[in-house]
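Below: one structure, written as structure tokens.
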Amino acid sequence: MPSHEIVEIDESLNSIHGPSFWHNPLLYIRSSVKERTLHMKKNTTLSELSGSLGDLGTLLPILVALSITGQVSLTSSLIFGGLWNIISGLVFRIPMCVQPMKAVAAVAISANLSIGEIMSAGIGVGSMIFFLGITRTIRIIEKWTPVPIIRGIQLGAGITLIIKAADLARKNGSWGGSSWKWNDNYEWAILSFIFVFIFYSSRRVPTALILFIIGLIIALVKVIKSGSILPSVSFNHPEIVVPTLEEFKIGFLSASLGQLPLTALNSVIALAALANDLFPERSTLNTVGKISVSIGLMNIIGCFFGSIPYCHGSGGLAGQYRFDFN
């Protein structure tokens, strides 16, 4: 094997000492896949699997709400969501979460935007963030953003998630009474909170994985008891969505402009700061420029196939890391 193709994998498996992506993209990707495969074989545990579910509470409610109304393609959203998660893991070497754009989703639900208008919003935000990243303008914004603002955004994201969780439980839950065991109710919500609180500091109990399995069992029992027919398994493929000029105008003005500052501050600048706090040894991989380009490409590509607009986020990274996904 030629010497330039030799890739040294250190014990921590945090870096590749071979050709850069731009020097030899195929070799870089092959080396990165090899490195991560070895790392997964050595370090995959129940705690890691549990941590990977730490951001589902953000993804599923938004994705389901927009999918059942036909405002986004569920097939495309799942395919591209999975693809972006895999690529993000290989590129950033940390549990870089992939989650829906919350401001776009909020406007889409409240204003009943069409799939073309939502795709336009995602493409608009993605294009602007991509431009900020590729021109390195985002570095100037990062430089002049005070640290207290970044920490405030991180704190605000956590508080928002708590409020959202409580609101979802209040709106969709009820007391189960004598048949509480196999129903979605307040009893399960309280028990889940107590369970997570008790094992909050434990690294040996996969709390998120256990709660996820319990949720699947409850859902399955509920479907069987109701006599509903389980959906059949079939292959599907994403369909191309090309927004009209009018759809782009509505989507851009109503959703993109509101999402842009949230993405720039929370999904890029605050995320880079948190990633470097949690994984200082990988700080060169998690720069605001790379994160911006990643968000831009996810939406410039995925939204043309009807995928829900995706971004990264400091809240998602914190959630996955807290549940031991490293």
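The values are calculated or read from the model by the stated rules, or taken from the named source; none is laboratory data. Bear in mind the structure is a predicted one, so any value in this text is a computation, not a measurement. All Cβ positions, glycine included, derive from the backbone under ideal geometry; neighbour counts span all protein chains shown.
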Subject >> Candidate set from segment 47-91 (those that are touching an Asp or Glu at 6+ places or on another chain (Cβ under 7 Å) and of a type outside the set (S, T, N, Q)); member that is modelled with the lowest pLDDT >> reply: GLY51
Original post:
Can you pull out the residues in segment 200-251 that are part of a helix (DSSP H, G or I) and of a type in the set (Phe, Trp, Tyr)?
Top reply: PHE212, PHE248
**OP:** Name, by its number, the condition in (1) touching a strand residue (DSSP E or B) at 6+ places or on another chain (Cβ under 9 Å); (2) surrounded by fewer than 22 Cβ atoms within 10 Å (Cβ to Cβ) that does not hold for GLN259.
**Re:** (2)
Subject >> Breaking point among (1) loosely packed, with under 13 Cβ neighbours inside 10 Å; (2) modelled with pLDDT of 75 or more, for CYS97 >> reply: (1)
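For segment 169-176, state whether one or more residues are at pLDDT below 85, under 21 Å from the mean Cα position of the chain (by Cα) and either under 21 Å from GLN320 (Cβ atoms) or loosely packed, with under 11 Cβ neighbours inside 10 Å (or both).
To start, the set of residues in segment 169-176 that are at pLDDT below 85 comprises 169-176.
Adding the requirement that they be under 21 Å from the mean Cα position of the chain (by Cα) leaves none.
No, the conditions are met nowhere in segment 169-176.
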